[in-house]
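Nothing in this text is a laboratory measurement; each read-out follows from the coordinates by a stated rule. Computed from a predicted structure; not experimentally measured. Don't worry about glycine lacking a Cβ; one is built from the backbone with ideal geometry, like all the others, and counts go over all protein chains shown.
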Amino acid sequence: MKNTHRYSNLLNEEKRTTVMFLWLIYVIYFTYEIIYYVIVPLVPWLEPDIQKDALSYIKYFVIFGLLPIAYYYLKKENPSPIKYILFLAVTFSDILIDALIYYGSEQSYASGNIIELVIIIFSPIFVSKRFFYLVLLGTAFKYLVLGLILLDAVVTLPLFLILMFSVVSCIVLFRFLGYVRAIQCSYEKQMEGIVKGVITTIELKDPYTRGHSERVAEYAVTLAKATGEFDDEELKTFYYSCLLHDVGKVHIPDSILSKPGKLTEEEFDIIKTHPTVGAQAIAEVEGIAENINVIKHHHERWDGKGYPDGLKGNQIDYLARVVSIADAFDAMTSSRSYRAALPIEKAYENILNGSGTQFDPDLITIFQKIYPKWVDYHNSYHELSNKS
């Protein structure tokens, strides 16, 4: 259950970063190779003694062989593995080539691996601790293995250089992560303030629903978390969507919302427009639009007799099914203009009776397990409300 809009933005950013990373590696690597092995030997006063071992050309096949793999993953809209494949391919080919060249040779070990330095220096651009740690530990592993194979202490010298560059990259990475966390925290506070402001507007129209959105959000997040299907970030955006599940009621006349008696058929038809109106209202709101179906389909029923689209069973968005249980439970345990609140035990019984008709039976099984948490929250919420 991924947040489609946010996932799309992250995917595009990952693709751009990966393409930039590949350009850096290929341009710097082949520029270095041309300068060091083609141009420098042509300068007579330098008199360089530069010879490239035939086995070193294997690296060219590895580097060029990675291009179709990178292209494949980019076309599949899955750029994340590319950086890992690139690093692992380069590292293990280096181990193999260097071991074959220097093992049993009298010449001392020398490494001019510019790709290695590029990967280490620019690894923070992915803002990924996992990739950075892989690069650091993988590079250290390479030189430790070569040191054991070649029994040459000079192998440790590049390792110290790598560690020095890694410290700089580590500082940059954690600064990036700090900025990301600060921006995210600021965004979340602004989002929460806006959402709660909208909720207050809705509650001014219908005082009987005061606190309803907040309670439904708490119930729904508890149930969604118990499914084990969602990470913390997804639950956070889901929480905001739950708070706004009834935002479409701003379109409903006050006379209908607060009517003490039974609604006429025409009035109920107007009530049934609020999920669609609410979905239209948040369709372009980043951070909430990802869960637009929570707002549009929280009144759909498992048996297909709900509204606005008459969806049935698994046609209904999973999180909308979660909210429908939370919404019904809170509606039954809250006082309305036309009736008093039901006892919490009666509401629980009604929810169970709706399994397979109004509600997803699998979710009802999970609901039974976390129901005590709902009772605790319900009691504590109303105790605080009574005191204030």
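By how many degrees, between 0 and 90 and to the nearest 10, does the Cα long axis of helix 129-150 differ from the longest principal axis of the chain? Computed tilt is about 30 degrees. Taking Cα atoms only, the orientation of helix 344-353 departs from the longest principal axis of the chain by about 70 degrees.
Taking all Cα pairs closer than 8 Å and separated by 6 or more residues, the relative contact order of the chain comes to 13 percent. Please compute, over every Cα-Cα pair in segment 159-277, the percentage with a separation greater than 25 angstrom. In whole percent, the long-distance tail amounts to 47. With a ≥ b ≥ c the root eigenvalues of the C-alpha gyration tensor of segment 284-388, is it rounded (a/c under 1.5), prolate (a/b larger than b/c) or oblate? Judged from the Cα gyration tensor, segment 284-388 comes out prolate (a/c at least 1.5, a/b above b/c). Taken over the chain, the convex hull of the Cα atoms encloses 189 Å³ per residue. The GNM of the chain, with springs linking C-alpha atoms under 10 angstrom apart, assigns the highest mean-square fluctuation among W23, W374, W302 to W23.
The local environment of F132, defined by Cβ-Cβ distances under 13 Å, has a net charge of +4 under the rule Lys, Arg +1 and Asp, Glu -1. In summary, segment 4-179 shows an alpha-carbon radius of gyration equal to 1.13 times the 2.2 N^0.38 Å reference for compact globular proteins. What is the angle, in °, between the Cα long axis of helix 361-387 and the longest principal axis of the Cα atoms in the chain? Nearest 10 is fine, range 0 to 90. Tilt of helix 361-387: around 70 degrees. Charges on Cβ only, +1 for Lys and Arg, -1 for Asp and Glu, centred on the Cα centroid of segment 23-155; of L146, L86, Y57, which one is farthest towards the dipole's positive end? Farthest towards the positive pole: L86. Think of segment 206-387 as a dipole: +1 on every Lys or Arg Cβ, -1 on every Asp or Glu Cβ, centred on the Cα centre; then among T333, N314, V285, T333 lies furthest on the positive end. Between the C-alpha center of segment 228-268 and that of segment 68-101 there is a gap of 50 Å. Within the shell defined by Cβ-Cβ distances under 13 Å, the residues around T227 carry a net charge of -2, with Lys and Arg each +1 and Asp and Glu each -1. According to the Kirkwood relation over distinct C-alpha pairs, the hydrodynamic radius of segment 310-369 is 12.1 Å. Farthest towards the positive end of the charge dipole of the chain, among the residues L263, A224, F30, is the Cα of L263, using unit charges on the Cβ of Lys, Arg, Asp and Glu. Taking amide H as placed 1.01 Å from N in the peptide plane, the amide H of R336 sits under 5 Å from that of A341, each at least 5 places away or on another chain.
Hey, what does the equivalent ellipsoid look like for segment 244-341, semi-axes from the Cα gyration tensor as sqrt of 5 times each eigenvalue, largest first, whole Å?
Rounded to whole Å, the semi-axes are 22, 16, 13.
Rounded is the label for segment 206-387. Its Cα gyration tensor axes, ordered a ≥ b ≥ c, give a/c under 1.5. Taking the Cα centre of segment 4-179 as origin and assigning +1 to Lys and Arg Cβ atoms and -1 to Asp and Glu Cβ atoms, the resulting dipole is close to 1000 debye.
Equivalent ellipsoid of segment 99-217: semi-axes from √(5λ) of the C-alpha gyration tensor, largest first, are 57, 13, 9 Å.
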